[in-house]
Amino acid sequence: MVDLWLKDCKIVPENSIISIGLAKGKIVSLKKIAPRREECINLREKVILPGLIDCHVHFRDPGLTYKENFRTGTMAAACGGFTTVMDMPNTKPATNTTRAFKEKLRIAEHKSLVNFALHAGVGRLKDIEGVNKLNPASFKIFMDLLSDHELEEIFAAIGKIGDKKNHITLHCEDKEIVEKYTQKYQGKGKINSEIYADARPPLAETVAVNKAVHLARKYDLKIHICHITLQETLDIIKEAGKLGVQVTSEITPHHLLLNSSYLQKCGNLAKTNPPLRSGDVKLDLNNLDRIDAISTDHAPHTTAEKEENIWNAPPGIPNLETTLPLLLTQINENNLSFNQLKNLLCDKPADIFHLEGKGHIEMGADADLVVVDMKKEEVINPSQFKSKAKYSPFKGFKIKGMPVLTLCGGEIVMEEGEVFKNQGEFVYKKE
Ligand code: DOR
Ligand code: ZN
Ligand code: ZN
C-alpha cells in the first residue's frame, strides 16, 4: 500500500533515523527500516522537515503578473521548501469580493504547484459576509491606508459575522504618522534611500499595533500582526495577552537578519514596508521564542520599478528562495535550533490558520515534506531565482544548508533546484 519510501531520513530535534512511507498524498508508515524491493528514495540520513508554511506572500496574480504569477511564485516556493503559501489580496482586482476571490481561486487551481490559501481584502463592508463563506485564511487589513474610522467599521463588520475561528491579519503602520513623516522628509527633497527608515518611523508601528489590539479587544476578534520589527511591539503584544486578547505575530527574514544600514548598501532593493530598523530597536534571533511565525512577505517587483527614486520605487523583497537557506545557515552557526525553525515555519502557522494535516511529520499527515542538506554551501545569487524578481538584499550572502528535495501531496515538486509540475490544493477545501 506504500507508493514511495523516503529511506533513512533524519528527523529533528530527535536526531533519529526513520523511513517514511507515502501513499495517496499522505504519510502512511513510519518505520525504522524501509522494506526492500519497494520504490524508494535513499536520503542517506539527510534532515527531513514538514513542508514549510508561508502565511504571507504576494503573487500579483491577477492583474500584476508582469511582477510574478501563481506559477512563478509557487516555483520559487517549491525551490525554497515551502509546500503551503497564503496569498495576499492586493492584486488587481483586489481579492475583496466573492467574484474576485473565486477568480483567484480558479487561477491558483490552474497554476499553483504547491498548496495554497488566500487572504481576503476588505473593500465594501457588504461584501465581507459573502467572501467569508469562501473560506479565506483571514481578512487582511493595511492600516497604513485606512483612517481610524474606517478601521473601526471594518472590525465591527467582521465582528458581526460571529465566526470565532475567523481572524484579521494586519499590516501595522499608522496612516497619519506615515503620511506626516513622509511629507516631512520628502518635502526636504532628499532622495537617499536611508531616509526611508525615518519616513516610516517605529512610532508608526507601535501606534498601529496598539490600535489593532484595542479593536481586537473591543470586537472580540483574533488578530495576527504581520512583519513585526520592534522589541517594543513584542511588549505591547505581551500586555494584550494578559488582557485576554488573542494576538499572534510574524517576522520576515529581512527584518530579522538585516538592519537599516542595508538601505544604504542596497538602495531600493532593501526598501520594504515597514522599513528595516536600526540595531538598537530591532528584533533579532534572540527574540524568536516570543514570536509565532516567520513569513517571507515575498513581495516581488520588477528591477525597472526598483530603479526609480526612493519615494517612487515600490516596497518589497522576494524571499521564498532565500529564507530556508538563510535560516539553515543560522542553525549551522548555532544561532537557531531546528526546533525553533519547525515551530516558526510549520507547527505554529498550521495552528494559527487551522491547517489540518499540515505542519507535522506523523501518521495520517499530508505528505508535504522538505529534505535539507546541511552541508551544501552556496552564495545567494538572485539571477538564479525562479521568481520573476531577480534581486535581493541578501545577494552574495554565504549559505550553508539548502533544501534539496520538496514533496507536496506525495509528489516531488523540487529536486536539486529543478522544479516539477504538480497541482497544489486549496487547503480549506471541504471533502
Ligand atoms: O514591502 C511591502 N510590500 N509591504 C507591503 O505592505 C506591501 C508589499 C507589496 O505588496 O509589495
Ligand atoms: Zn505588509
Ligand atoms: Zn506583505
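Derivation of every value follows stated rules applied to the coordinates shown; laboratory data play no part. Here the structure is a predicted model, which is why all the values come from computation and not from measurement. All Cβ positions, even for glycine, are placed from backbone atoms using ideal geometry, and neighbour counts span all protein chains on display.
Based on alpha-carbon centroids, what's the gap between region 183-223 and region 1-16 in Å, whole number please?
Each part's Cα centre sits 45 Å from the other's.
Taking the alpha-carbon distance from Lys242 and a cut-off under 18 Å, which lysines remain once sequence neighbours fewer than 8 residues away in the same chain are dropped?
Lys211, Lys218, Lys222
For a quick check: with amide H placed at 1.01 Å from N, whose amide H comes under 5 Å from Thr248's, ignoring anything fewer than 5 positions away on the same chain?
Residues meeting the criterion, in which the H sits 1.01 Å from N, are Ile223, His224, Ile225.
Treating cross-link reach as a plain straight distance, find the lysines whose alpha-carbon is under 19 Å from the alpha-carbon of Lys111, omitting any fewer than eight places away in the same chain.
Filter leaves Lys67, Lys92, Lys102, Lys386, Lys388, Lys421, Lys429.
Kirkwood hydrodynamic radius (Cα pairs, Å) of the chain?
Evaluated over the chain, this radius sits at 21.9 Å.
For the residues Met88, Met402, Met1, what sequence is obtained by ranking on other C-beta atoms within 10 Å, fewest first?
Ranked by crowding around the Cβ, least crowded first: Met1, Met402, Met88.
For Leu344, what is the net charge nearby, where nearby means another residue's Cβ is under 13 Å from its Cβ and Lys, Arg count +1, Asp, Glu -1?
With Lys, Arg at +1 and Asp, Glu at -1, the net is -3.
What order do you get for Asp235, Asp292, Asp347 when you list them from fewest to most C-beta neighbours inside 10 Å?
Fewest to most other Cβ atoms nearby, the residues stand as Asp235, Asp347, Asp292.
Quick check on the exposure proxy: order Glu153, Glu333, Glu205 from fewest to most C-beta atoms within 10 angstrom.
Arranged by neighbour count, lowest to highest, Glu153, Glu333, Glu205 become Glu333, Glu153, Glu205.
Enumerate the calculated ³J(HN,Hα) couplings along region 252-266 in order (Karplus 6.51 cos²θ - 1.76 cosθ + 1.60, θ = phi - 60°), each rounded to whole Hz, writing x wherever the residue is Gly or Pro.
Going residue by residue, I get 9, x, 6, 5, 6, 9, 10, 10, 5, 5, 5, 5, 6, 5, 10 Hz, with x marking Gly and Pro.
Residue by residue through region 110-124, what is 3J(HN,Hα) from phi via Karplus (6.51 cos²θ - 1.76 cosθ + 1.60, θ = phi - 60°)? Round to whole Hz and write x for glycine and proline.
Working through the residues one at a time gives 8, 9, 7, 6, 10, 6, 8, 9, 10, 7, 9, x, 10, x, 7 Hz.
Can you list the residues, at least 5 places off or on another chain, whose amide H is less than 5 Å from the amide H of Leu405, using H built in the peptide plane?
Val371, Glu416
Among Thr303, Thr83, Thr272, determine the one that fluctuates most according to a GNM of the chain built with springs between C-alpha atoms less than 10 Å apart.
Thr303
So which chymotrypsin sites (Phe, Trp or Tyr not before Pro) in region 150-243 are both in a DSSP loop and have at most 13 other Cβ atoms within 10 Å of their Cβ?
Nothing satisfies the criteria.
Between beta-carbons, use under 10 Å as the cut-off and find the net charge around Ile310, counting Lys and Arg +1, Asp and Glu -1.
Here the charged neighbours net out to 0.
Calculate how steeply helix 323-332 sits against the longest principal axis of the alpha-carbon atoms of the chain, using the helix alpha-carbon long axis, and give the answer as 0 to 90 degrees to the nearest 10.
70 degrees
Taking amide H positions as placed in the peptide plane 1.01 Å from N, state which residues far from Ile294 in sequence (5 or more) or on other chains have amide H under 5 Å from it.
Ile251, Leu345
What are the ³J(HN,Hα) values, in whole Hz, obtained from phi via the Karplus relation 6.51 cos²θ - 1.76 cosθ + 1.60 with θ = phi - 60°, for each residue of region 335-340 in sequence order, with x given for Gly and Pro?
9, 8, 10, 4, 4, 5
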